[in-house]
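**Q** Please see the structure below; I have some questions.
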Amino acid sequence: MKVLYRNDSRTVIRFDIGEEFPGTLANWCEKEKVESAAIVAGIGMLENIEIGRYDGKEYAREIVQPSSEILSLQGNVSMKEDKPFVHLHVSLADEDMTARGGHLFSGTVSMTIELVMIELSAKFVRIPSGGTFWRLDIPQE
Amino acid sequence: MKVLYRNDSRTVIRFDIGEEFPGTLANWCEKEKVESAAIVAGIGMLENIEIGRYDGKEYAREIVQPSSEILSLQGNVSMKEDKPFVHLHVSLADEDMTARGGHLFSGTVSMTIELVMIELSAKFVRIPSGGTFWRLDIPQE
Amino acid sequence: MKVLYRNDSRTVIRFDIGEEFPGTLANWCEKEKVESAAIVAGIGMLENIEIGRYDGKEYAREIVQPSSEILSLQGNVSMKEDKPFVHLHVSLADEDMTARGGHLFSGTVSMTIELVMIELSAKFVRIPSGGTFWRLDIPQE
């Protein structure tokens, strides 16, 4: 990965072939003490992608093996049990360009990812909220 | 809903189970006098969703009943007949994670929505432009 | 096209029926000397759309003829061989609202596009990186 721009809370990072995503981003956030951010764009390609669909209690999971175009990435960074947690939903195009997607657990960068993040002076935390759901919140004053 | 962050024109709002969306957001914009904004991310889940496809004259509409992952939300807030109007396009994943989407008329939050908005010191208005199309514009000087 | 807002690095542009996209945007960037930007939202409709899927060596290309809702647009602007280059991935809804998408080569605006861009004081360049892949980068110091 390479940070291409980081100024006025706007951050653009390029991820490279073979890197785990979003694990590499979470590690960078931890090192840089980024605790709250909005992820507003991310295009490129992933392979060996684990996506999920929440059924109200837990995630149904599916592996998308082939290298796939990332049509969109949206989400945020918050603190979950004292570590930066990257919550992302992804839309992917399969080999005939049909779109599929869900919650992004993990994938491997197969070409590049060009990510746009807005770092926020917030105190986002994840609060256990029943089942496996952790809501995005801020500490009570 | 809960405003989790609002600073330097960047606003993050969480919507909760049972809330109408984007009606709840439009009401908040009216109360807070937010007349112009860009909506740049929104992930979570909706159910009883009405989406549409514009055929050049009017919208073909469809109801997506089951709780569905929101893969992306993009759009804006402008003033239409003196009230804040939320224009959003949504991409949803159905039960086998295939993506569908269109213009978002309405839905009910079935888990959470984590929305990212950039409030703008603009004067966005909707101007009737033939048929049911209202273009995004600014007042003539 | 009409620039509806341009302040504090945030730019909202409306594109109109018959305009080429993103060619019209690239031309505007050249005229306005916009060399680096994040494109974080874009909704509207396109027709005669050429999208592609990168196979690791080159793009498989496909034409989507009918007027289609743009569900999302994400990408960036950088300098490629001394001209602004607009890199965008698009998600489109076809006539039954199923989503398809990929790299956006070109299309014709069939209703409107409402585009949100963050202009960056960066020095984004495209560097040839093997095959037809040009990575997003910044000049070495």
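**Q** As a footprinting exposure proxy, order A:Leu71, B:Leu120 by other Cβ within 10 Å, with the fewest listed first.
**A** Result, fewest neighbours first: B:Leu120, A:Leu71.
**Q** Work out Dmax and Rg for segment A:37-103 from the C-alpha atoms and quote the Rg first, both in angstrom.
**A** Just the Cα atoms of segment A:37-103 yield Rg and Dmax of 12.8, 41 Å.
**Q** Along segment B:39-46, what does the Karplus equation 6.51 cos²θ - 1.76 cosθ + 1.60 (θ = phi - 60°) give for ³J(HN,Hα), rounded to whole Hz, x for Gly and Pro?
**A** My calculation for segment B:39-46 gives 9, 10, 6, x, 10, x, 9, 10 Hz in order.
**Q** Please give the average number of partner chain Cβ atoms lying within 10 Å of the Cβ of each residue in A:118-126, rounded to a whole number.
**A** Other-chain Cβ atoms within 10 Å of each residue's Cβ, averaged: 4.
**Q** On to the next question. Considering the convex hull of the alpha carbon atoms of the protein assembly as shown, report its projected area averaged over all viewing directions, in nm², one decimal.
**A** 19.0
**Q** Taking the Cα centre of each part, how many Å lie between segment C:29-80 and segment A:27-80?
**A** Here the two parts' Cα centres lie 22 Å apart.
**Q** Here's a follow-up. ³J(HN,Hα) across segment B:23-31 via Karplus (A = 6.51, B = -1.76, C = 1.60, θ = phi - 60°), whole Hz, x for Gly/Pro?
**A** Once θ is set to phi - 60°, the couplings for segment B:23-31 become x, 4, 5, 4, 5, 5, 4, 5, 5 Hz.
**Q** Would you mind finding the longest exposed-site-free stretch of chain A, with exposed trypsin sites (Lys or Arg not before Pro) meaning DSSP loop and at most 12 other Cβ atoms within 10 Å?
**A** The longest such stretch corresponds to A:58-141.
**Q** On to the next question. Using amide H atoms built in the peptide plane, which far-off residues or other-chain residues are under 5 Å from A:Leu71 H to H?
**A** A:Ser91, A:Leu92, A:Ala93
**Q** Tell me the GluC sites (Glu not before Pro) within segment B:57-123 that lie in a loop according to DSSP and have at most 14 other beta-carbon atoms within 10 Å.
**A** Answer in residue order: B:Glu58, B:Glu81, B:Glu95.
**Q** In whole Hz and in residue order, list the ³J(HN,Hα) couplings for segment C:97-114 that follow from phi through the Karplus curve 6.51 cos²θ - 1.76 cosθ + 1.60, θ = phi - 60°; x for Gly and Pro.
**A** 6, 6, 8, 9, x, x, 5, 8, 7, 6, x, 10, 4, 10, 8, 6, 10, 10
**Q** Follow-up. With an 8 Å cut-off on Cα pairs and a minimum separation of 6 or more residues, tell me the relative contact order of segment B:2-121 in percent.
**A** Value for segment B:2-121: 39 percent.
**Q** Suppose you put the label 7 Å out from Cα in the Cβ direction; list, shortest first and in nm with one decimal, how far A:Glu81 is from each other copy's label.
**A** 5.2, 5.2
**Q** Taking C:Arg6 in one copy and the same position in all the others, each labelled 7 Å out along Cα→Cβ, what are the pairwise distances from the first, in nm, shortest first?
**A** With the label placed 7 Å along Cα→Cβ, C:Arg6 yields 3.0, 3.0 nm.
**Q** For A:Phe85, what residues show an amide H to amide H distance below 5 Å, using hydrogens built from the backbone and excluding near sequence neighbours?
**A** Long-range HN contacts for A:Phe85: A:Ser78, A:Met79, A:Lys80.
**Q** Normalized C-alpha radius of gyration of chain B, against 2.2 N^0.38 Å?
**A** 1.04
**Q** Using the count of nearby Cβ atoms within 10 Å as a rough guide to exposure, how do B:Ser129, B:Ser68 rank from fewest to most?
**A** Ordered from fewest to most neighbouring Cβ atoms within 10 Å, B:Ser129, B:Ser68 come out as B:Ser129, B:Ser68.
**Q** A further question follows. Arrange C:Ile138, A:Ile127, B:Ile51 by Cβ neighbour counts within 10 Å, fewest through most, would you?
**A** Lowest to highest Cβ neighbour count: A:Ile127, C:Ile138, B:Ile51.
**Q** Oh, and also: Under a 5 Å amide H to amide H cut-off, with H placed in plane at 1.01 Å, what residues pair with C:Phe105 once short-range neighbours are removed?
**A** C:Glu50, C:Ile51, C:Gly52
**Q** Something else: Where does chain C land at 222 nm, in deg cm²/dmol rounded to the nearest 500, when only DSSP H runs of n ≥ 4 count, each adding -39500 (n - 2.57), divided by all residues?
**A** -2000 deg cm²/dmol
Each value in this text was obtained by applying a stated rule to the coordinates, not by laboratory testing. Owing to the predicted nature of the structure, the values given are computational and were not obtained by experimental measurement. Please note: Cβ atoms are built from the backbone with ideal geometry, for glycine as well, and neighbour counts cover all protein chains shown.
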